[in-house]
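Peer 1: So that we are looking at the same thing, I have put the structure below in structure tokens.
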Amino acid sequence: MIRAVPAGDVVALAAALFAVGAVGVLVRKNPLIMFMSAEMMWNAAALAFIGYAAEWHQMQGQLMAFLIIATAAAEVGIGLALIVWVYHKKLRLDVDDVSEMKG
Amino acid sequence: MVGFIILAVLSFAAAVGVVAARTPVHSALYLIGNVVTLAVFYLLLNAEFMAAAQVIVYAGAIMVLFLFVVTLLTAGKEERERSEGLPGQRALSGFLAITAGVLLAGVAVRYSAGPSVRPFASGYGSLPAMGRLLWGPGFDYLAVVALMLLTAALAVLVLNRAVDDGRRPAKVKEDPS
């Protein structure tokens, strides 16, 4: 099968998705939405890896994307546990409420 | 190429939806759309196994986890986000993030090699090829992934144990995983 899409366009899309995710992390204050935006940034990185893997005909890039997806899964478990824990303490979903490092 | 553009527009629109949605549950649904379009991209880029893994892990596991937590924490509540904070923080951060994205995309397009005419090796990106790679030269990555997931599971257990801190009655906290 011959690829029809240049890798540069795929990576450009990945950059755009990364930027949108970064805007979400920086602008929103609901930790759940910030977290989903961060997931989108992981996804964009995986897309860039797979785009370059197709460009260079190397499967190591797909290996990296595999690593990224697994990391995202582990991160979601820990992150959501933290969000639930903070919510049980503060009873609000707002990152500005978590402004001190006291236990 | 037309398919690529349609998919790219869908994926980007879903991404904007994630950021712009008012409630977390809408964000989660948009994120599912984003994830599924990315899986189709992986298929276009000859990454069959990664497309399947993307749908199974993201749409199947991660988003279900998100929806559980969203329903657990925000059911029946509608909260406006408070807007105080550093003045101009939103505008400035949005501007900087978009500038960075445009620069990165520009570099990616500028140094693109164009469509490849070289055919892929047979089995490129398929499940057997990925398996050979993961259990052969890439076994370190597989071991690291296993260790990382185990650590994450332990961390979730530690974070969610019922603690009596004296201020609130100890209660059984829901395990999000």
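The values are calculated or read from the model by the stated rules, or taken from the named source; none is laboratory data. Computed from a predicted model, the values in this text were never measured in an experiment. Because the Cβ atoms are built from the backbone with ideal geometry, glycine has one as well, and the counts that use them run over all protein chains shown. Ligands, DNA and RNA are excluded from the accessible area calculation, which covers all protein heavy atoms including side chains. Shrake-Rupley method; radii C 1.70, N 1.55, O 1.52, S 1.80 Å.
Peer 1: 7 Å from Cα along Cα→Cβ at both residue B:155 and residue B:26: what's the point-to-point distance in nm?
Peer 2: Distance between the two pseudo-spin positions: 3.1 nm.
Peer 1: What number, rounded to the nearest 500 deg cm²/dmol, is the helix-based mean residue ellipticity at 222 nm of the protein assembly as shown, given -39500 (n - 2.57) per DSSP H run of at least four residues and division by all its residues?
Peer 2: Calculated at 222 nm, the ellipticity per residue is -23000 deg cm²/dmol.
Peer 1: Could you tell me the total accessible area buried at the A-B interface, probe 1.4 Å, in square angstrom to the nearest hundred?
Peer 2: The A and B chains share an interface burying roughly 7600 Å².
Peer 1: Would you give the gap between the C-alpha center of the stretch B:1-30 and the C-alpha center of the stretch A:14-90, rounded to a whole Å?
Peer 2: Using only Cα atoms to place each centre, the spacing works out to 15 Å.
Peer 1: What do you reckon, how do B:37, B:151 stack up by accessible area (1.4 Å probe), largest on top?
Peer 2: Correct descending sequence by accessible area is B:151, B:37.
Peer 1: Another question about this same structure. Add +1 for every Lys or Arg and -1 for every Asp or Glu among the other residues with Cβ under 13 Å from the Cβ of residue B:18, and state the total.
Peer 2: +1
Peer 1: Let me ask something additional. Counting heavy atoms of the protein chains only and a 1.4 Å probe, report the per residue accessible area for the protein assembly as shown as a whole number of Å².
Peer 2: 51 Å²
Peer 1: Over the protein assembly as shown, with every protein chain in place, what whole percent of the accessible area is carbon and sulfur at 1.4 Å, could you tell me?
Peer 2: Ligands and nucleic acids excluded, carbon and sulfur reach 72 percent.
Peer 1: Applying 1/(1 + (r/R0)^6) with R0 = 25 Å to the Cβ-Cβ distance of residue B:10 and residue B:109, what FRET efficiency is obtained, to the nearest 0.05?
Peer 2: Using R0 = 25 Å, I get an efficiency of 0.80.
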